Amino acid sequence: MNKTRLEAFSDGVIAILITILVLELKVPHQADWAALRPLAPVFLTYVLSFVFLGIYWNNHHHLLHAADGISGGILWANMHLLFWLSLVPFVTGWMGENHFAAVPTAAYGLVLFCAGIAYYILVRAIIAQEGPHSRLAAAVGRDIKGTLSPFVYLVAVCATLLHPGLAQALYALVALTWLIPDRRIERVLKETAARKSDGSS
């Protein structure tokens, strides 16, 4: 099956989620800098969630670009990922409005954990269709970051029992590791294109 509609639909959903995120930033009625102070926790959670959604959009784009086609299983794996991402605005608002209280912070981590697992399932579903010797399988490799990230989320959820700040630091740490450009898929695609070019010349 053609992957164009899947890419367009996923892009649209993530764009809507980012829009919903910013709507959580309520405009203050006062016209001074002090009026922004109560919004600080909500703004910080907005920034964190914006980064996470941006990371998922970026990796999702590269992932589908490397795939030659999609199957019914891939469609459902993608919907599974979008389901968990759709909960990000809710837990973001809950955590921000309650100033990083333990339970909302833990719920935020659980949603991130489930989204990480869903993305891992999507990657494996595409590799299962493309084959173990496909360019995507070669690009992903052992996928250390993709495997460790859900584990860190679980540690962060447990850390809320000690102090929510520990969990928030771990969430930020995972985001920072993914902000470093991952050029594995790009590199493999370029190498494949170069080989095809050499073969046709």
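Numerical summary
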read-out: Heavy-atom accessible area order for 9, 151, 100, 52, largest first, 1.4 Å probe; value: 151, 9, 100, 52
read-out: On Cα atoms only, tilt of 164-179 relative to the major axis of the chain in degrees; value: 30 degrees
read-out: Rounded FRET efficiency, nearest 0.05, which uses the C-beta distance separating residue 76 from residue 47 and R0 of 25 Å; value: 0.20
read-out: Farthest toward positive dipole pole in the chain [+1 Lys/Arg, -1 Asp/Glu at C-beta], among 117, 162, 53; value: 117
read-out: Percent of Cα-Cα distances greater than 24 Å, calculated over the chain; value: 46 percent
read-out: Where labels lie 7 Å past Cα in the beta-carbon direction, separation of residue 29 and residue 187 in nm; value: 5.7 nm
read-out: Distance (nanometres) between label positions extended 7 Å along Cα→Cβ at residue 161 and residue 19; value: 4.2 nm
read-out: Sequence of 82, 75, 173 from largest to smallest accessible area, 1.4 Å probe; value: 173, 75, 82
read-out: Global form of region 31-88, assessed from the alpha-carbon gyration tensor, a/c cut-off 1.5; value: prolate
read-out: Which of 26, 145 is most accessible, then next, and so on - probe 1.4 Å; value: 26, 145
read-out: Principal-axis tilt of helix 184-200 within the chain, Cα atoms, nearest 10 degrees; value: 20 degrees
read-out: C-alpha long axis of helix 144-159 to longest principal axis of the chain, angle in °; value: 20 degrees
read-out: Calculated FRET value between residue 61 and residue 151, using beta carbons and R₀ = 25 Å, to 0.05; value: 0.50
read-out: For region 81-173: rounded, prolate or oblate by the Cα gyration tensor [a/c cutoff 1.5]; value: prolate
read-out: Contact order normalised by residue count of the chain, Cα under 8 Å, 6+ apart, percent; value: 23 percent
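The values are calculated or read from the model by the stated rules, or taken from the named source; none is laboratory data. Note that this is a predicted model, so its numbers are computed, not measured. Note that each Cβ is placed from the backbone with ideal geometry, even for glycine, and that neighbours are counted across all protein chains shown. Surface areas here come from the heavy atoms of the whole protein model, side chains and all, with no ligands, DNA or RNA. Shrake-Rupley method; radii C 1.70, N 1.55, O 1.52, S 1.80 Å.
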